[in-house]
1. What FRET efficiency comes out for residue 169 versus residue 223 if R0 is 25 angstrom and r is the Cβ-Cβ distance? Round to the nearest 0.05.
2. Can you pull the percent of Cα pairs in the stretch 20-59 with separation above 12 Å?
3. Considering only the other residues whose Cβ falls under 12 Å of the Cβ of residue 254, what net charge follows from Lys and Arg at +1 and Asp and Glu at -1?
4. Please compute the length gained on full extension between residue 145 and residue 91, using 0.36 nm multiplied by the number of residues separating them and subtracting their Cα-Cα distance.
5. Express in nm, to one decimal, how much length is gained between residue 74 and residue 120 on full extension, taking 0.36 nm for each residue of separation and deducting their alpha carbon distance.
6. Contact order normalised by length for the chain, with contacts defined as Cα pairs under 8 Å and 6 or more residues apart; what percent is it?
7. Using +1 at the C-beta of Lys and Arg and -1 at the C-beta of Asp and Glu, which of 191, 256, 90 has the Cα lying farthest in the positive direction of the dipole of the stretch 3-259?
8. If you take the square roots of the eigenvalues of the alpha-carbon gyration tensor of the chain and sort them as a ≥ b ≥ c, do you get rounded (a/c under 1.5), prolate (a/b over b/c) or oblate?
Amino acid sequence: MTQIGSGNVRHRVTLPDGATVTMSWAAITDTGHRREVNEDSYVAQAPVFAVADGMGGHAAGDFASAAVVTRLAEYGGRPVIGTPEIDDALRLAVQDMDRVVGVTDEGSGTTVTGVALGEVAGEPAWLVFNIGDSRVYRLVGGVLEQLTVDHSVVQELVDAGQITRDEADTHPHSNVITRAVGFHEAPVPDYRAIAVEPGTRLLICSDGLTKELTSYGIRHFLVGGQKPERAAHDLVEAALGNGGRDNVTVLVVDVLAVTRPA
Ligand code: MG
């Protein structure tokens, strides 16, 4: 487990084109009740907010998730980054894994998902990125929307109409992902850009949350208007209360204000 950055109650960034974005955030991770080691890692510092869920024998998974968030954290303090910087960070993280864990073993890997503050056509934008089955959600006006699509066997079964979304959560292969960062392969993130708007709440989480709480349950802990730290804490406690079968990591980011140059 590697934790980079922590909470911030009011952080203002001035973007290159003159807009300002004010946000607050909080991150919490917990080993859970069943696992001996926490192989989740996160980075929670502007402009990057990301969660990585490592996998692999011995310390390999822990190293893999740490490598990804450490590389992403190297952009800390920049006002904005773009998809080339995210691509570079993930590629370097795979090189770190290959160098340290060794190329002769089965290797290690990790999921990664998150948001980075960027600019698209001169407007502030969140660049949402994902590899694996950790997730990003957005809450706007009380409506919770999953922004990422899992790279998993059960997602493929859902897409093919062979099982329902509800069945996916309890499917015996629900832990099998079809894309990862690591295993000696070039990482291939999915990207999408969304507007940076005041009143938006973003949730970035590992599957230790989404395997224990339905989207209805997740929404319940996000809608009350509590501060990010409280919402993150309540989500983790709920996941632990429902079994805590996996490491659980929760990162909540609120956009408080956006101003544009006159
Ligand atoms: Mg997990």
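1. Values: r = 21 Å, r/R0 = 0.85.
Given R0 = 25 Å and the Cβ-Cβ separation, E is 0.75.
2. Working: 518 of 780 pairs.
Above the 12 Å cut-off, the stretch 20-59 has 66 percent of its Cα pairs.
3. Details: positive: 10, 138, 201, 227, 230; negative: 197, 229.
Its environment carries a net charge of +3.
4. Values: separation 54, 0.36 × 54 = 19.44 nm, distance 2.90 nm.
Stretched fully, the residue 145-residue 91 segment lengthens by 16.5 nm.
5. On the way: separation 46, 0.36 × 46 = 16.56 nm, distance 2.17 nm.
Extending this stretch completely gives an extra 14.4 nm.
6. On the way: 653 pairs, mean separation 67.2, N = 262.
Dividing the mean separation by the residue count of the chain yields 26 percent.
7. Of 191, 256, 90, it is 256.
8. Values: a/c = 1.58, a/b = 1.21, b/c = 1.31.
The shape class here is oblate.
All of the numbers you see were taken from the coordinates with simple rules; none came from a lab. Quick caveat, the model's predicted, so the values are computed rather than measured. Please note: Cβ atoms are built from the backbone with ideal geometry, for glycine as well, and neighbour counts cover all protein chains shown.
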